[in-house]
Amino acid sequence: MASDPIHCVEFENAGKYLGEAWVFRGVDVNIPAAQVTAIIGASGSGKTTLLRLINGLYRPDEGDVRVLGENIPNKSPHLFRRKIGYAVQGAGLFPHMTIESNITKLAKLGDWSSDRIRARLDDLLDLTGLDADMKGRYPHELSGGQQHRVSLCRALMLEPKLLLLDEPFSAIDAITRNEIQDAFIELQRKLAFSAVLVTHDYREATKLAHYLLVLGDHGIEQHGALHDVIERPTSLFLRELVETEAVA
Amino acid sequence: MKSLVLFLLAIALATITVIAGCGKNETYVIGSKQHTESHILGELLAQTLETAGYSVDRKFNLGGTKIVFNALEQGDIHAYAEYSGTIQEVILKETRTLTLEEISNALAKLGIQTLEPLGFNNSYAMGVHEDLAAETGLSKVSELRDYPDLRFYFSHEFLEREDGYPSMKAHYGLPQSADGIEHALALRAIVAREIDVTDLYTTDAEIDHFSLVVLDDDLEFFPKYLALPIVRGDLPEEVKQLLNVAAHTLSDKTMAGLNYKVHIDEQPVGDVAKEFLATLNVQSTHMTETLFDKLIERTVEHLYLAGIALLAATLVALSISIAVYSISWLSKPIAYIAGLLQTIPSLALLALMVPLFGIGTLPAIVALFLYSLLPIIRTTVTALSTVDPVLLQVAEGLGYTRTQSLVHVKLPLSMPAIFAGIRISAIICIGTATLAAFIGGGGLGDLIFQGLQLDDTRLILIGAASAALMAIIVELIFEGVEKLIIPGHIAAANRISNEPVVA
């Protein structure tokens with residue numbers, strides 16, 4: 001149970017049973033800290049399921065998952081989740097809350113001082129390139145790109161050591177996506193958080209990630225540092241991706 | 001979470017208990033049935049007590065015999081004027097004719113005392129229009145046998161009671177079947193020649209006014225209906241003495257005259273009673289309310305009934321919805337039960353409350369409360385269980401607790417639908433509260449029932465229009481409050497999906 005500064009997430013023979021079948025079994029891998037790890041794989045291979053094992057939205061049916069050096073507690077899992085940022089496809093902002101509330105609500109509920117909240121909010125808006133005068137607006141008044149930046153701010157508000165991103169930039173146009181990906185790289189460099197990113201976009205994975213995790217039909221087919229993995233793709237799925245990309 | 005639900009339930013219960021407490025006080029409660037003569041006699045009793053310095057609560061227009069007598073038995077009212085024939089047939093369910101002494105002894109066993117008869121006999125009688133009588137030569141009830149095509153319409157009570165039409169039909173061997181109609185409407189319909197035969201009372205003011213002919217009860221079917229006050233036996237002697245004020249002073253003709261003044265001359269009941277009391281050397285202190293006073297008073301009562309019922313229904317429905325929305329095997333049956341309550345006709349639901357809660361404000365509020373539950377439960381459960389699952393997943397993933405997710409995400413997003421439900425319930429409450437007068441709950445329905453009884457269209461219109469106006473104003477207030485507390489885009493997004501529910 002000792003803290004492991006090298007790894008942010010440790011899967012130990014983890015398996016998840018959903019519906020009436022195993023999504024995957026025997027997942028045995030450590031995810032490096034302070035880096036961006038991308039989970040790629042065919043649809044249905046359980047990328048999102050794997051991600052949800054990390055913040056306890058799902059519990060493993062066999063094996064073990066340790067996050068930031070600890071097992072996910074059964075009691076008050078919400079306190080544990082607050083140490084982990086979370087952002088999903090399409091931003092998922094709460095439409096009835098202003099931008100400020102979307103970002104700071106949990107900090108307020110978690111008894112942060114208002115000075116600390118204000119300082120953190122201003123920092124994040126600044127880091128993600130959002131204007132401070134957007135605070136009072138509602139999500140529907142923002143562009144898709146701005147909404148996704150807000151979603152990142154919300155995920156980072158409580159100063160998490162680990163950020164989970166479930167296809168976060170897949171629902172926006174190519175140009176905006178590119179800008180946000182750049183902003184994300186910048187953010188990660190400055191704040192040095194660990195991030196686990198689920199994506200079906202090979203280019204996004206290679207652009208953002210330092211570490212790659214390839215999920216196949218029954219578990220992990222390959223994992224390793226980005227360059228090692230794409231130089232020597234042993235996974236059939238990955239090999240096809242690499243080849244397609246090379247032709248293009 | 002649980003404590004929130006319990007808290008809301010406690011408030012609802014407390015509200016109901018406080019209202020229940022309001023029903024008991026030291027004043028004397030005088031009742032009356034839903035017809036002019038009973039109303040006049042009720043006024044006579046009420047004013048006599050008031051003049052002697054007692055305070056009086058009037059529960060007039062209380063529907064039929066069973067409701068009023070029940071109210072007397074349960075102590076919801078202390079006195080009202082009844083008829084010997086009605087006591088024998090409806091209350092004691094005796095087929096043989098009883099003497100006044102026998103009636104008195106039978107009632108005494110129920111804790112009720114008869115006072116001295118007032119003097120007149122208001123028996124049932126068969127009435128036809130004088131033109132019809134002239135055309136056919138009808139003058140006796142037995143002659144109705146020769147005209148099987150005549151249209152018979154009787155008051156509901158006469159249709160159903162032991163000594164009513166079924167017995168009369170058998171006694172006289174009549175071939176005609178009959179339908180029910182409100183007595184005041186029957187008289188109009190008979191003048192318009194839309195119906196041919198209806199039941200009258202021998203003291204009816206309208207007999208002359210509407211040019212009706214009373215058919216001779218040639219086979220002596222109708223029993224005596226001697227009017228007399230009946231009171232709770234535990235009343236102080238002094239009060240009983242006072243209520244005997246009009247003993248043996250009202251002949252058939254005098255009573256018909258009083259009825260005429262109210263019904264045809266449209267004099268206020270209170271004034272007519274006061275004038276008559278003056279002939280008995282009782283100088284009544286009664287001041288007749290102006291129509292405006294009455295309207296204000298009834299409006300306040302109406303708002304009170306609908307407001308308390310709506311408040312309690314909102315608290316209870318929201319608590320229930322929040323407790324069960326995520327449990328589909330539970331939320332479905334609950335919505336089903338609430339829907340079932342809605343299908344009970346409102347008048348029937350009100351009447352059903354009488355045996356449980358007596359008469360007055362409490363049963364009316366309980367009925368309105370039950371009626372208001374469904375729209376709120378249905379919209380709230382639907383709204384809470386259809387919040388975008390992505391948002392709930394995000395909230396959970398970010399570290400919102402279940403309660404925080406409910407309070408900060410689900411409820412705010414469901415507000416427009418919940419509001420729509422409360423709005424519908426408010427309108428239903430205001431509309432249905434007009435029927436509360438039927439069981440002595442007061443409200444604007446009092447004006448409508450009185451208007452119906454006195455054949456006063458103006459009074460009916462004022463009552464109905466005020467209730468409608470109140471509904472419109474409440475609707476506007478809700479709209480304003482909604483604008484204040486719900487961001488415009490959230491309301492707009494919901495309006496589209498809710499339109500059919502509101503319509």
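Remarks
- Within the stretch A:192-247, the ratio Rg/Rh, alpha carbon atoms throughout and Rh by Kirkwood, equals 0.94.
- Value of [θ]222 nm, deg cm²/dmol, for chain A, DSSP H segments ≥ 4, -39500 (n - 2.57) each, nearest 500: -11500 deg cm²/dmol
- Amide hydrogen neighbours beyond the local backbone of residue B:82, cut-off 5 Å, H modeled: B:228, B:230
- Simple label model, 7 Å out from Cα along Cβ direction - residue B:300 to residue B:160, nm: 3.5
- Rounded to the nearest 20, the size of the Cβ-charge dipole of the protein assembly as shown about its Cα centre is 3320 debye, with Lys and Arg at +1 and Asp and Glu at -1.
- Span from the the stretch A:169-228 Cα centroid across to the the stretch B:325-386 one, whole angstrom: 54
- Placing dummy labels 7 Å off each Cα toward the beta-carbon, the span from residue A:76 to residue B:235 is 6.8 nm.
- Accessible surface buried upon A-B contact (total; probe 1.4 Å; Å², nearest 100): 2000
- Computed over chain A with a Gaussian network model linking Cα atoms closer than 10 Å, the most mobile of A:70, A:141, A:20 is A:20.
- Rounded to whole Å, the principal axis extents of the Cα atoms in the stretch A:41-100 read 41, 33, 16, largest first.
- Take the Cα radius of gyration of chain B and divide it by 2.2 N^0.38 Å, N being the number of residues; the result is 1.15.
- Averaging 1/r over every pair of different alpha carbons in the protein assembly as shown and inverting the result gives a Kirkwood radius of 32.1 Å.
- Candidate lysines - alpha carbon under 22 Å from residue A:16, same-chain residues fewer than 8 apart omitted: A:47, A:75
- For the stretch B:220-279, the direction-averaged projected area of the alpha-carbon convex hull comes to 6.0 nm².
- Most mobile listed residue (A:74, A:178, A:102) in chain A, GNM with C-alpha springs under 10 Å: A:74
- As a rough guide to protection, the peptides A:154-167, B:235-248 ranked by mean Cβ packing within 10 Å, highest first, stand as A:154-167, B:235-248.
- Calculated mean residue ellipticity at 222 nm for chain B: -18500 deg cm²/dmol, from DSSP H runs with n ≥ 4 weighted as -39500 (n - 2.57), summed, divided by the residue count and rounded to 500.
- Given A:83/A:105; A:83/A:161; B:66/B:93; A:135/B:483; B:33/B:59, the pairs whose alpha carbons are separated by over 18 Å: A:135/B:483
- Fraction of alpha-carbon pairs over 20 Å apart in the stretch A:89-248 - percent: 55
- If R0 equals 45 Å, the separation of the Cβ atoms of residue B:344 and residue B:97 corresponds to a calculated FRET efficiency of about 0.70.
- Peptide packing: for B:55-62, B:160-167, the average count of neighbouring Cβ atoms within 10 Å per residue gives the ranking B:55-62, B:160-167, highest mean first.
- Label separation (residue A:232 vs residue A:190): 3.8 nm, computed from points 7 Å beyond Cα along the C-beta direction.
- Note on the stretch A:105-171: Rg/Rh from Cα positions, Kirkwood definition for Rh, rounded to two decimals, is 0.96.
- Multiplying the residue separation of residue A:64 and residue A:113 by 0.36 nm and removing their Cα-Cα distance gives an extension gain of 14.0 nm.
The values are calculated or read from the model by the stated rules, or taken from the named source; none is laboratory data. Since the model is a prediction, treat every value here as computed from it, not as a measurement. A quick note on method: Cβ atoms are made from the backbone with ideal geometry, for glycine too, and the neighbour counts reach across all protein chains shown. With ligands, DNA and RNA removed, areas are computed over all heavy atoms of the protein, side chains included. Shrake-Rupley method; radii C 1.70, N 1.55, O 1.52, S 1.80 Å.
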